[in-house]
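The values are calculated or read from the model by the stated rules, or taken from the named source; none is laboratory data. Since the structure is predicted, the reported quantities are computational estimates derived from the model, not experimental observations. With ideal geometry, Cβ positions are generated from the backbone for all residues, glycine too; neighbour counts draw on all protein chains shown.
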Amino acid sequence: MPSTGSPFFSPSRRAALIGLGALTVAGCHRQAGTRPLRVSITGKGDSDARLAFESAGIKPDFSIQYSEFQAGNLVVEALNGGSLDLGSMSEIPPIFAAASPIHSFRQIAVVRDDVNNQAVLVPRGSRIRSLADLKGKRIGYVRATTTHYFLIRMLQSVGLRWSDIQPIAMNVSDGAAAFSQGSLDAWAIYGYPIQRAVAKDGARVLKTALGFLSGNYIITAHEKALQDPERVAQIRSYLKLWRQAFDWTTVHRTEWAKIVAQSVGVPLPFVEDALNRRTENRRLVPVTDAAIQSQQQVADTFAAAGLVPKVDVRPLWDNRFNDLLAQGA
């Protein structure tokens with residue numbers, strides 16, 4: 001069990017996590033008697049593998065059990081709690097987990113993806129016009145996620161420190177409510193909550209994460225899954241299918257935009273704009289020294305800010321799927 005002395009792994013957070021993770025359990029059942037591969041879904045719309053599989057007509061021939069999460073830090077908790085086999089997240093949550101006595105997962109693949117759909121928003125009519133104007137302001141963010149990291153980097157870029165703002169850690173739903181109600185001066189957030197806030201509340205994008213995030217996102221697997229030949233075979237199959245789904249959404253971007261807009265409840269033009277402004281198309285790539293060094297730089301940034309101890313991320317990585325991943329790199 002992870003240490004209960006750490007707020008990242010507190011009992012109350014774990015109880016909330018279990019309730020959240022159980023919101024959605026769905027899968028494709030093909031092979032009777034096989035155990036389902038337990039997979040995380042983080043966010044909605046174009047980050048939802050179920051939606052991409054269905055849209056592309058992909059039907060796995062093994063059972064998959066999906067669980068929904070609002071952020072990657074919760075996915076890490078689920079992995080450490082043994083309730084997931086495979087999860088996806090940014091570079092950041094594993095760093096916070098690595099500072100804990102327990103981290104029962106390995107990072108097995110990298111997804112290259114967009115960084116423009118991560119941003120700092122300000123409300124309609126806000127006088128905040130630059131990052132320097134964030135000094136002293138109440139800023140919502142999601143702890144131990146990309147928002148935590150790019151907010152630190154953005155502040156540093158204009159000579160500000162974490163202590164120069166009033167950072168307020170909150171989950172995505174609470175952040176959306178607080179921002180909509182005018183309780184925040186700015187909100188660091190990712191995904192389609194950006195488009196919802198722009199469309200419904202007249203929010204303005206102050207700055208995207210372009211230039212502050214690497215574009216690397218991480219696929220993680222539980223250690224026990226990697227010790228189980230049946231699980232390893234399922235993970236290999238899932239990665240192949242995921243790549244097919246990524247390719248389909250890239251080739252069929254117009255159709256995909258309509259599907260995503262309906263799924264997330266955001267007007268189509270806002271979704272089309274988000275997809276058209278992507279810094280790169282989503283793709284699976286192998287574990288490389290460059291990817292490991294990228295995450296180490298992120299870890300060093302958090303350590304320098306006094307938010308985590310100094311950690312070495314290299315032991316978190318496992319390159320056993322590189323042969324498969326290199327085929328589509």
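Points worth noting:
- Some residue of the range 21-33 being surrounded by 20 or more Cβ atoms within 10 Å (Cβ to Cβ) and modelled with pLDDT under 80: yes
- The set of residues from the range 176-196 being at pLDDT 95 or above and in contact with a Phe, Trp or Tyr (Cβ under 6 Å, 6 or more places away or on another chain) comprises F179, W187, A188.
- Among residues of the range 29-46 that are small (G, A, S), none has a Cβ under 6 angstrom from a residue that is at pLDDT below 75 and part of a loop (DSSP other than H, G, I, E, B) at a sequence gap of 6+ or on a separate chain.
- Residue within the range 231-238 that is outside any helix (DSSP H, G or I) and in contact (Cβ under 8 Å) with a residue 60 or more places away in the chain present: no
- All positions within the range 119-163 that are surrounded by 22 or more Cβ atoms within 10 Å (Cβ to Cβ) and among the aromatic types (F, W, Y): Y141, Y149, F150
- Residues that are among the basic types (K, R) and either touching a strand residue (DSSP E or B) at 6+ places or on another chain (Cβ under 9 Å) or not in a loop (DSSP other than H, G, I, E, B) (or both) within the range 131-187 comprise K137, R138, R143, R153, listed in sequence order.
- Residue selected from the range 164-188 under the condition among the β-branched types (V, I, T) and closer than 21 Å to G43 by Cα, by the criterion surrounded by the fewest Cβ atoms within 10 Å (Cβ to Cβ): I168
- Just one of the listed residues (L84, L79) is part of a helix (DSSP H, G or I), in contact with a strand residue (DSSP E or B) (Cβ under 7 Å, 6 or more places away or on another chain) and buried (at least 22 other Cβ atoms within 10 Å of the Cβ), and it is L79.
- When the range 284-304 is filtered for residues that are surrounded by 17 or more Cβ atoms within 10 Å (Cβ to Cβ) and not β-branched (V, I, T), the ones remaining, listed by number, are L284, P286, A291, S294, Q295, A299, F302.
- One residue from R112, R138 being in contact with a Gly (Cβ under 8 Å, 6 or more places away or on another chain) and farther than 17 Å from A299 by Cβ: R112
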